[in-house]
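None of the figures in this text is laboratory data; all of them are computed from the coordinates on show. Note that the structure is a prediction, hence the values are computed from the model and not measured. Heads up, the Cβs are rebuilt from the backbone with ideal geometry, glycines too, and the neighbour counts pull from every protein chain shown.
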Amino acid sequence: MNGHLLALALLAAPLSSQAPRAITSTPAMFPTPFSSVMHFAELADGRVLIYDAVERRFSAADFRSGRLTDVARQGAGPLEYRVVSALHRAAGDSVLLWDPANSRISVIAPNGTMLGSWGDSRMGELSRILPAAVAGGRWFVPMRPAFSPDTTTLVRVTLATQRTDTLLRFATPTLRPDRTAPPGVVRVIAPGFQPVTGWGVFPDGRVLVVHGGDYRPEIFNIDGISTKAAAIPFTPTPVTAADKARHLQETVAELKRRLTGELASGPGGKMPKLEAGAPDRWPATLPLVRSATIHVDSRDRAWVLVTDPTRAAGDRFDLLNAQGKHIDAVRLPPQVKLVGMGRGVFYATREDGDGLLHLLRYPLP
């Protein structure tokens, strides 16, 4: 095949079927492992804030020195925290810490010291609708009311004007409790590969939504007007028996992650036995979008975790630009999981044989 025909063949092939670039660079690895990395944010000086929900420790990891230092003590004092429910970069390189157990939000300076906090007695009640992103002077809140947990409403709050806008509503795969579980067992019914809608926020406050049903990106601009980009071609991937078994295992792992956070925010206690039951019906194909969380890197590229039709080892990410156009695809090494972005880098974890997580820092590809 000559070069012209090869180029035409590549253009005709679905983007999701083209081979992604493998991440082969050697990462920097922080020397101290973690039991969990529940919440994460990079400081302006390159250190990273990490909340380990299992150890109930909020600390700053310095890759240059290899030191791990506590940011603040647990407690109810003005410069203390009870639990970390979210960490978000905010204006002036500060970081906001959501602490519903103390009914307040704390501000962490760019140098990693806690400056102070403000609160509201209702914050404990609102702990389930805290912002999932902060950008451009706006908070972005995914709301899932208890009476309709399978629907998410994405709300934008503009701080300067206190204006609240509903951007969209979308179906959300949910873990349904199985009331027939015996005492001492928490059992849920797995979602069963339902379509996933992913979303992420660019630094200026624009929102990228990727609709998993047809892989169509949609941009919500600051003025509230949305623009749908062209649907991205993809190759459907049939569901196998191995996929079903893996899905049940991942459902148990997700349930454990959620309960770990709840136990950390409460009085603690022993983790119950966890089980996942199969849904009544399995779909014929895997969902293309695998995660509702879309990370945006410092080059304004949105990383969409997708199903790889080749089933190669390692998570595959399609990279979209600020207009929702597919511009690249990358694959992480096997067992490496993306946890966050920094200036010119991305952070990931790798689990060892003892179940501990090693924090890795990679240069952006």
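Within region 322-352, report the trypsin sites (Lys or Arg not before Pro) that DSSP leaves as loop and that have at most 13 other Cβ atoms within 10 Å.
Working: sites: K325, R331, K337, R343, R350; in loops: K325, R343.
Listed in order of number, the matching sites are K325, R343.
Rounded, prolate or oblate: which one fits region 188-288, using the alpha carbon gyration tensor with axes a ≥ b ≥ c (rounded when a/c is under 1.5, else prolate when a/b beats b/c, else oblate)? Please report the intermediate quantities before stating the final value.
Working: a/c = 3.75, a/b = 1.34, b/c = 2.79.
Oblate is the answer for region 188-288, as a/c is 1.5 or above yet b/c matches or exceeds a/b.
Would you list, by chain and number, the lysines whose Cα falls below 19 Å from the Cα of K325, excluding same-chain residues fewer than 8 positions away?
K228
With a Förster radius of 41 Å, plug the Cβ-Cβ distance of T310 and A28 into 1/(1 + (r/R0)^6) and report the FRET value to the nearest 0.05.
On the way: r = 29 Å, r/R0 = 0.71.
Step by step, r from the Cβ atoms, then E = 0.90.
Which residues make up the longest stretch of the chain clear of GluC sites (Glu not before Pro) that lie in a DSSP loop with no more than 16 other Cβ atoms within 10 Å, not counting the sites? List each step's numbers first, then the result.
Details: sites that count: E55, E80, E125.
The reported range is 126-365.
Project the alpha carbons of region 27-130 onto their principal axes and report the range along each, largest first, in whole Å.
Computed over the Cα atoms, the extents are 42, 30, 24 Å.
If one takes the longest principal axis of the Cα atoms in the chain, at what angle in degrees, from 0 to 90 and to the nearest 10, does the Cα axis of helix 3-12 lie?
The angle comes out near 60 degrees.
For the chain, modelled as a GNM with alpha-carbon contacts under 10 angstrom, which of F140, F40, F63 fluctuates the most?
Ranking F140, F40, F63 by mean-square fluctuation puts F63 first.
Using a cut-off of 28 Å between alpha-carbon atoms, which lysines can reach K244, once sequence neighbours fewer than 8 places away in the same chain are excluded?
K256, K273, K337
Please give the calculated 222 nm ellipticity per residue for the chain, where each DSSP H segment of at least 4 residues contributes -39500 (n - 2.57) and the sum is spread over every residue; nearest 500 deg cm²/dmol?
Values: 2 runs with 35 residues, N = 365.
The helix contribution divided over the chain gives -3000 deg cm²/dmol.
Based on the Cβ-Cβ distance of T166 and K228, what FRET efficiency does E = 1/(1 + (r/R0)^6) give at R0 = 22 Å, to the nearest 0.05?
E between T166 and K228, to the nearest 0.05, is 0.80.
If you fit an axis through the alpha-carbon atoms of helix 241-265 and take the longest principal axis of the Cα set of the chain, what angle between them do you get, 0 to 90°, nearest 10?
So the inclination is approximately 20 degrees.
Pull out a ≥ b ≥ c, the square roots of the eigenvalues of the alpha-carbon gyration tensor of the chain, then state rounded if a/c is under 1.5, prolate if not and a/b is larger than b/c, and oblate in the remaining case.
rounded
Once you have a ≥ b ≥ c as the square roots of the Cα gyration tensor eigenvalues for region 54-114, tell me rounded if a/c is under 1.5, and otherwise prolate or oblate according to whether a/b is larger than b/c. Don't skip to the end; give the middle numbers.
On the way: a/c = 1.93, a/b = 1.24, b/c = 1.55.
Because a/c hits 1.5 or more and a/b fails to exceed b/c, region 54-114 counts as oblate.
Antiparallel versus total DSSP beta bridges in the chain: what percent is that, nearest 5? Spell out each step's value before the answer.
Details: 88 of 97 bridges.
Just about 90 percent of them are antiparallel.
Compute a Gaussian network model of the chain, connecting alpha carbons closer than 10 Å, and tell me which residue from A242, A292, A278 fluctuates the most.
Per the Cα network of the chain with a 10 Å cutoff, A242 tops the list.
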